[in-house]
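J.: Dropping a structure here in structure tokens format, bear with me for questions.
The values are calculated or read from the model by the stated rules, or taken from the named source; none is laboratory data. From a predicted model like this one, the values you see are computed outputs, not experimental measurements. Backbone-built Cβ (ideal geometry, glycine too); neighbour counts: all protein chains shown. To get the accessible areas, we keep the full protein, side chains included, count just its heavy atoms, and leave off ligands, DNA and RNA. Shrake-Rupley method; radii C 1.70, N 1.55, O 1.52, S 1.80 Å.
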Amino acid sequence: MDFIAIGRLCIDLNANEINRPMEETRTFTKYVGGSPANIAIGAARLGVKSGFIGKVSNDQMGRFITQYLTDHQIDTTNISVDRTGAVTGLAFTEIKSPEECSILMYRDNVADLKLAPGDVSEEYIKQSKALLISGTALSASPSREAVFLALEYARKHSTVVFFDLDYRPYSWAYTTDPAIYYSLAAEKCDVIIGTREEFDMMEQFTGNPGSNDEVTANKWFGCNAKIVVIKHGSNGSFAYTKTGQVFKGSIFKTKVLKTFGAGDSYASAFIYGLMQGWSIVRAMEFGSASASIVISKHSCSDAMPTVEEIVEFIAGSRKEEQISP
């Protein structure tokens, strides 16, 4: 494997009736979802040999997810099937406007949080160049312990670890817990990607009153991190390196349909760029372009673009900039 993701596998049910509240929405389209799943799908769409470590429900939804990943050339040999009666997590999305979108999550007794340390193969991680973890998998046991074991195997075998923070408040029983477990995981990661708000959550005990990006980055450079990417929404993203460099990401104009999916598509294309040996600036540009493509479409996983689509999108955007007054 070039790239393995671990954690959440769920179903997205995206509203077909847009520009209205969910109370008035009657039909939805089903897609595979979950941040690590979306990132793995995005990486595979870009040609990265990808695999997944996770757990699915023993029903039609679980089989739908596994088959979808297989159809998209993602190795599923390390996806196990829950036998306890757990179900697949559901995410209903509301698209009231391009600026006002929300997600209603059903996460009670979900199969992906049943992933246990015994489901994590050291050999599988050893043979991979990179491992992606995300924060949602840290919200409950035994999934939390499975991720920490995966991190130990990755460090042991020099597998590069990417951490997509993916903070979902409703996944946590106590507001203090995520800062503790996120920080313990981040200490073992090479590249950390998150929003300014997610980093603020992680710093609630250590303190960073001004939400200073440099303070945040330097904290993790004191551990294993080599790159810290902090996203500021419409103001773009900033990448800090352990060598003291700072890079600002590109922003592309697009016709926005929804806001969700941007982070996952950004991460998959950014990781792809780094794995190709590109400069951080070029990888960030690729990530931003991918995000702009996905937020203009109805789905997240199905909308993940190919390399050719991203290259064409960037070229088209540059051409528009040149002819604009």
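J.: Over the range 1-122, what relative contact order in percent results from Cα pairs under 8 Å that are six or more residues apart?
T.: 31 percent
J.: Setting aside same-chain residues fewer than 8 positions from Lys114, which lysines have a Cα under 16 Å from its Cα?
T.: Result set, ordered by chain and number: Lys55.
J.: Using only the alpha carbons of the range 3-155, determine the length spanned along each of the three principal axes and report them from longest to shortest in whole angstroms.
T.: Rounded to whole Å, the extents work out to 49, 35, 26 Å.
J.: I've got another one for you. Run through the range 74-114 and list the GluC sites (Glu not before Pro) located in a DSSP loop whose Cβ has at most 16 other Cβ atoms within 10 Å.
T.: Glu99, Glu100
J.: If you filter the range 76-180 for trypsin sites (Lys or Arg not before Pro), then keep DSSP loop positions with at most 13 other Cβ within 10 Å, what is left?
T.: Arg83
J.: Here's a follow-up. First measure r as the distance between the Cβ atoms of Val81 and Val256, then evaluate 1/(1 + (r/R0)^6) with R0 = 25 Å and state the FRET efficiency to the nearest 0.05.
T.: Efficiency at R0 = 25 Å is approximately 0.10.
J.: Another question, if that's okay. Suppose only helical runs count, i.e. DSSP H with n ≥ 4. What mean residue ellipticity at 222 nm does that imply for the chain under -39500 (n - 2.57) per run, divided by all residues and rounded to the nearest 500 deg cm²/dmol?
T.: After summing the helix terms and dividing by the residues of the chain, the value is -10500 deg cm²/dmol.
J.: Using a 1.4 Å probe, what is the accessible area per residue for the chain, in Å²?
T.: Heavy-atom accessible area per residue stands at 43 Å².
J.: Would you list the membrane-span-like helices of the chain, meaning whole DSSP H runs whose alpha-carbon atoms span at least 18 Å along their axis and whose mean Kyte-Doolittle value is at least 1.0?
T.: Helices meeting the span and hydropathy rule in the chain are 280-294.
J.: Moving on. How fast does the range 189-325 diffuse by Stokes-Einstein, in µm²/s, taking the Kirkwood radius from C-alpha pairs at 4 °C and 1.567 mPa s?
T.: D, rounded to a whole number, is 83 µm²/s.
J.: Follow-up. In percent, what relative contact order does the range 206-304 have, based on Cα pairs under 8 Å that are 6 or more apart in sequence?
T.: Result for the range 206-304 is 22 percent.
J.: Okay, next question. Please check the chain for the longest run free of chymotrypsin sites (Phe, Trp or Tyr not before Pro) that are loop-located per DSSP (anything but H, G, I, E, B) and have at most 15 other Cβ atoms within 10 Å.
T.: Free of exposed loop sites, the longest segment is 1-173.
J.: Still on this structure: Pairs Lys30/Lys258; Lys226/Lys258; Lys49/Lys242; Lys49/Lys226: which are spaced more than 20 Å apart, C-alpha to C-alpha?
T.: Lys226/Lys258; Lys49/Lys242; Lys49/Lys226, as the Cα separations exceed 20 Å there.
J.: Taking 0.36 nm per residue of sequence separation and subtracting the Cα-Cα distance, how much length would be gained by fully extending the chain between Glu23 and Glu123, in nm to one decimal?
T.: 31.2 nm
J.: Starting from the eigenvalues of the Cα gyration tensor, five times each then square-rooted, give me the equivalent ellipsoid semi-axes of the chain, largest first, whole Å.
T.: Over the Cα atoms of the chain, the ellipsoid semi-axes are 27, 25, 20 Å.
J.: Calculate what fraction, in whole %, of the accessible area of the range 1-66 sits on carbon and sulfur atoms when a 1.4 Å probe is rolled over the protein chains.
T.: 45 percent
J.: Where in the range 5-76 are there trypsin sites (Lys or Arg not before Pro) that are in a DSSP coil and have at most 10 other Cβ atoms within 10 angstrom of their Cβ?
T.: For trypsin sites (Lys or Arg not before Pro) across the range 5-76 that sit outside H, G, I, E and B with at most 10 neighbouring Cβ atoms in 10 Å, the list reads Arg26.
J.: Which aspartates and glutamates, if any, have their Cα less than 14 Å from the Cα of Lys248, not counting same-chain residues under 8 positions apart?
T.: Asp213, Glu214, Glu285
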